[in-house]
Amino acid sequence: MQRPNSGGAVAQGPNTMKPASFDSIISVSSAQLPKTVADTVLTIENELKAMRDTSRMASVFIRLSKVWDRAGQPQVAAYYNAKAAKLENSEKKLTFAGQIFLQLMENEGSPQVQAADAGEAVSCLEQSLKIDPDNEDTKLALATAYIEGTGEPMRGVQIVLAITREKPDDIPANMLLGRMSIQSGQFDKAVGRFETVLKKEPDNKEATYFLAQAYEGKGDKKKAIELLEKCKKIVNDPAFSKDVDQKINSLK
């Protein structure tokens, strides 16, 4: 089943692959650089090696990150951006750096690089939470990194469950737990999570769509079709409706 255009993919389960090292990622990426760019990178790296004052390194890491970004190497750019954020110890910059790694993780085809991205996301987001332990968005981002990018999904689950214990109807937390329940085949639990969301937001397209998946998993095709028809009306997009119609026909 394709998902609504605005996002919300079902979690694919823990990534148990050994993470690639960023040294190896940088080495492979360096070989793809034009000579002029490689020379610029080397100049900045030598500047960093000569520095003794770590307080001045953050701005140089940002310069280096921008060079790699312009060269079309987002993994390495994100790595140096994160090094700057960690040195500055800014909650906002650490969270942003962690979110970048989450996006890279979702789009990366190599499980080893995905695991490396997840590890960097966890590092940035945990440091951010030390500054603001109550930031729910950061907690959910950290949970996502653990659940979808590392071999420690239960650490992420516990973070989300702690949120729902304090706020049983929290929408992002219930969405994440519902998607995980589908992935693990716990369709009754998934139904409960998505119905909780729809009580607060009756037209939430992701919740409606994934609730249809949950009912399909339970074997209730009639309810799944009913929800898919509702989702078509909410999304109101011809291309999406065409895909959903194909799914509905397969359920009849």
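Annotations
- Flag if Leu227 is touching a residue at least 12 places away in the same chain (Cβ under 8 Å), over 23 Å from the mean Cα position of the chain (by Cα) and in a helix (DSSP H, G or I): yes
- Every pair of residues 6+ apart whose Cβ atoms lie under 7 Å, when the first sits in the range 29-51 and is farther than 14 Å from Phe61 by Cβ and modelled with pLDDT of 95 or more while the second is open to solvent by less than 40 Å² (accessible area, probe 1.4 Å) and assigned to a loop (DSSP other than H, G, I, E, B): Ser29/Gln73; Leu33/Ala71; Val37/Ala71
- The single residue among Gln112, Gln99 that is closer than 16 Å to Pro19 by Cα and in a helix (DSSP H, G or I) turns out to be Gln112.
- If the condition is being within 22 Å of Met105 (Cβ to Cβ), in a helix (DSSP H, G or I) and open to solvent by 90 Å² or more (accessible area, probe 1.4 Å), then the range 29-69 contributes Lys66, Asp69.
- Of the helices (runs of 4 or more DSSP H) lying entirely inside the range 149-223, the ones with 3 or more residues being open to solvent by less than 60 Å² (accessible area, probe 1.4 Å), touching a residue at least 24 places away in the same chain (Cβ under 8 Å) and not aliphatic (A, V, I, L, M) are found at 171-183, 205-218.
- Taken as a whole, the range 125-139 holds no residue that is among the basic types (Lys, Arg) and either touching a residue at least 60 places away in the same chain (Cβ under 8 Å) or within 26 Å of Leu251 (Cα to Cα) (or both).
The values are calculated or read from the model by the stated rules, or taken from the named source; none is laboratory data. Given the structure is predicted, the values throughout are model-derived calculations rather than measurements. Note that we place each Cβ from the backbone using ideal geometry, even for glycine, and neighbour counts take in every protein chain shown. Remember, those area values only see protein heavy atoms, side chains included, never the ligands or the DNA or RNA. Shrake-Rupley method; radii C 1.70, N 1.55, O 1.52, S 1.80 Å.
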